[in-house]
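Colleague: Here it is, the structure, as structure tokens.
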Amino acid sequence: MFIKPEWRQQFDEEGFLVLEQIIEPPVIAQARAELEKLVDQQAARLLKEGKIKSLFKDEGLETRIYSLFSNCIDEAPKSFRRELHLPGFYGFFFHKQLLDVVELVIGSEIRLYPNYTVRPKLPDWEGTRIWWHQDGGYTHYVHTDKSIKSNDVEDLRMLNVWSPLVPARELNGCMQFVPGSHKLGVVPHVSRRYYLEIIDPKYTALFDNAISIELNPGDVVLFSNLLFHQGLPNRSKTVRWNLDWRYQDGQQPTLRKEQGHIARSESCPSRAVQTADEWAKLHFS
Ligand SMILES: O=C(O)CCC(=O)C(=O)O
């Protein structure tokens, strides 16, 4: 892939950068295959617990998990995280061309931050609406003892990555961004039932400038950990699957007890996770 030097400036100005069709179909197929197995495990568990009578084996990734949990929707997984140490996810998290672009923004010591997720955004369920927030707001509020200051979060050289496994549109709950909002630093968030939310009118007025980030499988959006964004509710009949993950300057602290995993290191290349099998042997840590 040809890297455009202006991408860095675009990212700095807008707080995000869309890369169309950067992830190859076999990489997507491998991740989908792993997710099909994870959904299969959920089905087996629900059957064992007597919560379902059918395994819905004839349904595909787009609907099966929704059918499985239709009678106990509050128990449906909102995300998979610890489960992602499987070979089929290596191609996303350690994608060479993607890391080349990431390097433009955070330099050549790159850590996969200990916050990597697959979200099955289920239709018609309040737990799938992700309120307006900054990811840096979570980094800040996760520390209830307030040992982490906003400045610590603002100093992090970190960026977020989001990629859909099915077309993501407004109807099925794509993300929305407020371009340029990353320049405001970490703003106050309040705790809602499932997520944090920005509610201060000083900032909510900016939501009028929101744009929808509609993407296709293979596309990736990189965005600042300080960018205001939300995940719309899924008003379709199918599941909106995506991966989201973060990279950080590997020389900085994570501000979490977990240290993540090195994705690229110019100073010591062998520190980086080298293969899908190595990734599968590691843990969320
Ligand atoms: O997937 C979504 O709808 C929102 C995801 C999000 O807010 C995030 O990745 O920080």
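Just so it is clear, none of the values below were taken in a lab; they were calculated from the coordinates. Model, not experiment: these values are computed from the prediction. Reconstructed Cβ throughout: ideal geometry from the backbone, glycine too, with neighbour counts over all protein chains shown.
Colleague: For region 249-261, name all the residues that are touching a helix residue (DSSP H, G or I) at 6+ places or on another chain (Cβ under 7 Å) and crowded, with 23+ Cβ neighbours inside 10 Å.
Modeller: Once the filter is applied, which keeps residues that are touching a helix residue (DSSP H, G or I) at 6+ places or on another chain (Cβ under 7 Å) and crowded, with 23+ Cβ neighbours inside 10 Å, region 249-261 yields nothing.
Colleague: Scanning region 158-168 for residues that are more than 10 Å from the ligand (Cβ to nearest atom) and crowded, with 17+ Cβ neighbours inside 10 Å, which turns out nearest to Pro233 (Cα to Cα)? Let's see the steps before the verdict.
Modeller: Step one: filter region 158-168 for residues more than 10 Å from the ligand (Cβ to nearest atom), giving 158-159, 163, 165-167.
With the extra rule that they be crowded, with 17+ Cβ neighbours inside 10 Å, the set shrinks to 158-159, 163, 165-166.
Details: Met158: 26, Leu159: 24, Ser163: 17, Leu165: 17, Val166: 15 Å.
Top of the filtered list is Val166.
Colleague: On to the next question. For region 72-87, give me each residue that is touching a helix residue (DSSP H, G or I) at 6+ places or on another chain (Cβ under 9 Å) and farther than 15 Å from Asn242 by Cα. Quick ask: steps written out before the conclusion?
Modeller: In the first step, residues of region 72-87 are kept if they are touching a helix residue (DSSP H, G or I) at 6+ places or on another chain (Cβ under 9 Å); the result is 72-78, 80, 83-87.
Once the filter is applied, which keeps residues that are touching a helix residue (DSSP H, G or I) at 6+ places or on another chain (Cβ under 9 Å) and farther than 15 Å from Asn242 by Cα, region 72-87 yields Cys72, Ile73, Asp74, Glu75, Ala76, His85, Leu86, Pro87.
Colleague: Just give me the residues in region 201-227 being within 14 Å of the ligand (Cβ to nearest atom), free of Cβ contacts under 8 Å to residues at least 60 places away in the same chain and not small (Gly, Ala, Ser), in sequence order.
Modeller: Once the filter is applied, which keeps residues that are within 14 Å of the ligand (Cβ to nearest atom), free of Cβ contacts under 8 Å to residues at least 60 places away in the same chain and not small (Gly, Ala, Ser), region 201-227 yields only Glu214.
Colleague: Just the residues that are part of a helix (DSSP H, G or I) and either among the charged types (D, E, K, R) or under 20 Å from the mean Cα position of the chain (by Cα) (or both), please, taken from region 173-224. Write out each step before concluding.
Modeller: We begin by selecting, within region 173-224, every residue part of a helix (DSSP H, G or I); these are 181-184, 201-209.
If the condition is that a residue be part of a helix (DSSP H, G or I) and either among the charged types (D, E, K, R) or under 20 Å from the mean Cα position of the chain (by Cα) (or both), then Ser181, His182, Lys183, Lys202, Asp208 are the ones that fit.
Colleague: Still on this structure, please answer the following. Can you list the helices (runs of 4 or more DSSP H) found entirely within region 35-138 that contain at least 2 residues being hydrophobic (A, V, I, L, M, F, W, C) and within 17 Å of the chain's Cα centre (by Cα)? Working first, answer last.
Modeller: Working: elements: 64-68, 90-93, 96-106.
Where helices (runs of 4 or more DSSP H) fall fully within region 35-138 and carry at least 2 residues being hydrophobic (A, V, I, L, M, F, W, C) and within 17 Å of the chain's Cα centre (by Cα), they are 90-93, 96-106.
Colleague: Give the residues of region 14-30 that are polar (S, T, N, Q) and farther than 30 Å from Gly180 by Cα, sorted by residue number.
Modeller: Taking region 14-30 and keeping what is polar (S, T, N, Q), we get 21, 30.
Gln30, the sole residue that qualifies.
Colleague: What number goes with the only condition from (1) within 26 Å of Tyr138 (Cα to Cα); (2) touching a residue at least 40 places away in the same chain (Cβ under 8 Å) that Ser267 does not pass?
Modeller: Ser267 satisfies every listed condition except (1).
Colleague: I need the full set of residues from region 1-34 which are assigned to a helix (DSSP H, G or I) and of a type in the set (D, E, K, R), in order please.
Modeller: As a first pass, look at region 1-34 and keep what is assigned to a helix (DSSP H, G or I): 6-14, 25-34.
Glu6, Arg8, Asp12, Glu13, Glu14, Arg32, Glu34 - these are the residues of region 1-34 that are assigned to a helix (DSSP H, G or I) and of a type in the set (D, E, K, R).
Colleague: Would you be able to tell me the number of residues in region 68-103 that are among the aliphatic types (A, V, I, L, M) and buried (at least 20 other Cβ atoms within 10 Å of the Cβ)?
Modeller: Taking region 68-103 and keeping what is among the aliphatic types (A, V, I, L, M), we get 68, 73, 76, 84, 86, 98-99, 101-102.
From what is left, the residues that are buried (at least 20 other Cβ atoms within 10 Å of the Cβ) are 68, 84, 98, 101-102.
Number of matching residues: 5.
Colleague: Out of the residues in region 268-285 that are part of a loop (DSSP other than H, G, I, E, B) and within 21 Å of the chain's Cα centre (by Cα), state the one that is surrounded by the fewest Cβ atoms within 10 Å (Cβ to Cβ). Quick ask: steps written out before the conclusion?
Modeller: Of region 268-285, the ones part of a loop (DSSP other than H, G, I, E, B) are 268, 272-275, 282-285.
Restricting the remaining residues to those that are within 21 Å of the chain's Cα centre (by Cα) gives 272-273, 282-285.
Working: Ala272: 20, Val273: 18, Leu282: 10, His283: 8, Phe284: 14, Ser285: 11.
So the residue we want is His283.
Colleague: Which of the residues belonging to region 94-128 are closer than 18 Å to Ser270 by Cβ and in contact with a strand residue (DSSP E or B) (Cβ under 7 Å, 6 or more places away or on another chain)?
Modeller: Restricting attention to region 94-128, the residues satisfying the condition of being closer than 18 Å to Ser270 by Cβ are 94, 96, 99, 103, 108-112.
Within region 94-128, Phe94, Leu99, Glu103, Ser108, Glu109, Ile110, Arg111, Leu112 meet the criteria.
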